[in-house]
Amino acid sequence: MQNSYEHYSPDDFLQDEYFLEWLKNPQGAQSAFWENWLALHPHKQAAVEEARQLYALLQTHEEITPAQSDREEVLAKIMTVIESESGESGSGRSRIRRLRPLLKIAAVVLLVAGAAAILLYYRNTKTPAALALLQTKEAVQQFRLPDSTLITLDRDSRCRYEKQMAGKVKREIWIDGEAFLDVSHRTGGDGKRQPFIVHMNGMDVEVLGTRFNVINRNTQQQIMLERGSVKVNNETESLLLRPGEMAVTAGKNLVKKKINPALYTSWMTGVLAFDATSLQEVIDLLQYGFGYHVVFTMDPGKSREKISGTVSTRNREDLFKTLSVAFGVSIKVQNNTLILSHKTN
Amino acid sequence: MRHTWLLSDKEDKKAFTCLYEQYFNQLFNYAVRFCADREQVKEYIQEMFIKLWRNRHSLNKAANIEHYLIGALRNIILKKQSYKTRFVFEELEEESYDFEMAYPAEHRIIKTEQQKLLHNQFKKAFSKLTPRQKEIIYLRYLKGMNYEELAAIMNITVKAAYKLIARSLETLRENLQGFPVNKFFVGLLLLTLIGTL
């Protein structure tokens, strides 16, 4: 196999599964083989480079993002059809029709008794309402809460909520990880607005119908507001956020920062869209959005440099590589720390 | 590994909704390459999901759900599109469907003029491919389908899939010739060499 690679053209490389694996994942298991092979066959560097470039160009095609309203509209139509069909599916119904009259009466009595029992049970219990759990593992997922609030949970995140939240004076949820919330406006039976509260470690976010992002991971807490207004309360202070503002924890304090909301929701689409975005904004994002500790060792003027364009965030290695090329800086990763410095060559 | 195929839990509407939410954007992105009319695309997707629900008891486990859904959607689109084509032309030709892909240079991270030129050239070269060539490149290099999957979806033999990919890449690179691409690569190579010294 190794021999035949010597006669490969860029096209041939692009059709080779083993080679593609390496392009898809340059840090993967194949990297040792290919780096070694290239060192032994330096005259193939140009062909490999051309294949790599063509592959990179192919990856830049434009994704068309449909509107959320489109997605919701189609889902609603699908569900209407499905519901109407499952209602008609016959066997259950015909069996009921065949029940003898006596059984019918018995069934009704049982039903009434059951309903009464349930009612009594709920009146007498004052224990906190049952909590339901939403949990994600390896994929970002969207859920609708009973009050019709739309929640998008990042990978490896959890949301607990009261099953009966829709009927409560206050709607309450608990977030562990990262989530984006599109909270529905609601007024209770008394005509009062029904507040929505997000509980996090050491702080709460109080909301009335809005779109915002929260992170609650160990010592990293962040709330980013896209639309509406929210109040962030910790033990000592309370901050009111306007759209385009973010609250982060700095030790025991809450700090407010102005940001571009679109940058902080990239985890939902896997795509970061820069639009004359400065290096400083990117550093803030890496710190408060991605949770890295960033060390910046260049003169402040450098941090005002701007770039535009979109980049995928699915693979962190690739993201750092792209950023390093775009800004012309070197980015070193050490555990959870990023060191940004001048390119050495 | 990546997903749980909802049909293991056959009655679950919630799982079905999750599946929908997870793949709607990708499916939309694919379908819109056949048909620029977004309302029409929405109808295709709707039809595909309703069919999926109706057939949920007779489906086998798919190795890759996204690829499975793309295949199902493609069948629906081509049935409708080719019907239209047949209606107009009476005879169905092999290349009778359209597959459009756009590579907009201006929205990407492009720092140097040289890169911009390369990108524009690439756009032009790509636009010269036939619809089938565009589609197979899209499915292979952006969706990561293997040759068996390509063959099944595009309704050709595996051998033909290999051929079509090879031919597409060849055409793509031919169209990129006559442009200082190679000079650019040599330049890049020199830079990397200098960098390593």
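Every number here is computed from the coordinates shown, using simple stated rules; none is lab data. The structure displayed is predicted, hence computed values, not measured ones. As a convention, Cβ positions derive from the backbone with ideal geometry for all residues, glycine included, and neighbour counts pool all protein chains shown.
Here are a few things to note about the model shown:
- In whole percents, the pair-distance distribution calculated for region A:1-84 from its alpha-carbon pairs, binned every 10 Å from zero, is 15, 36, 14, 12, 14, 9, 1.
- For region A:195-209, putting each phi into the Karplus relation 6.51 cos²θ - 1.76 cosθ + 1.60 with θ = phi - 60° gives couplings of x, 10, 10, 9, 8, 10, 4, x, 7, 10, 10, 10, 9, 10, x Hz, in residue order, rounded to whole numbers and with x for Gly and Pro.
- Amide H contacts under 5 Å for A:V271, placed H, 5+ residues apart: A:T313
- Packing-based exposure ordering (other Cβ within 10 Å, fewest first) of A:V183, A:V169, B:V158, B:V32: A:V169, B:V158, B:V32, A:V183
- Long pairs among A:K137/A:K257; A:K231/A:K252; A:K24/B:K124, criterion Cα-Cα beyond 19 Å: A:K137/A:K257; A:K24/B:K124
- Between A:E72 and A:E17, the contour length at 0.36 nm per residue exceeds the alpha carbon distance by 16.0 nm.
- Cβ-based exposure ranking for A:S266, B:S168, A:S312, B:S58, in which fewest neighbours within 10 Å come first: B:S58, A:S312, A:S266, B:S168
- Partner chain coverage, peptide A:69-76 - average Cβ within 10 angstrom: 5
- Whole-Hz couplings from phi, Karplus 6.51/-1.76/1.60, listed for region B:135-151; x for Gly and Pro: 5, 5, 5, 4, 5, 6, 9, 10, 9, x, 6, 8, 5, 5, 5, 4, 4
- Rounded to whole numbers, the Karplus 3J(HN,Hα) couplings from phi for region A:144-158 are 10, 7, x, 8, 6, 5, 9, 10, 10, 9, 5, 3, 6, 10, 9 Hz, using 6.51 cos²θ - 1.76 cosθ + 1.60 with θ = phi - 60°, and x at Gly and Pro.
- Across B:K80/B:K134; B:K14/B:K80; A:K44/B:K143, pairs whose alpha-carbon gap is larger than 24 Å: B:K14/B:K80; A:K44/B:K143
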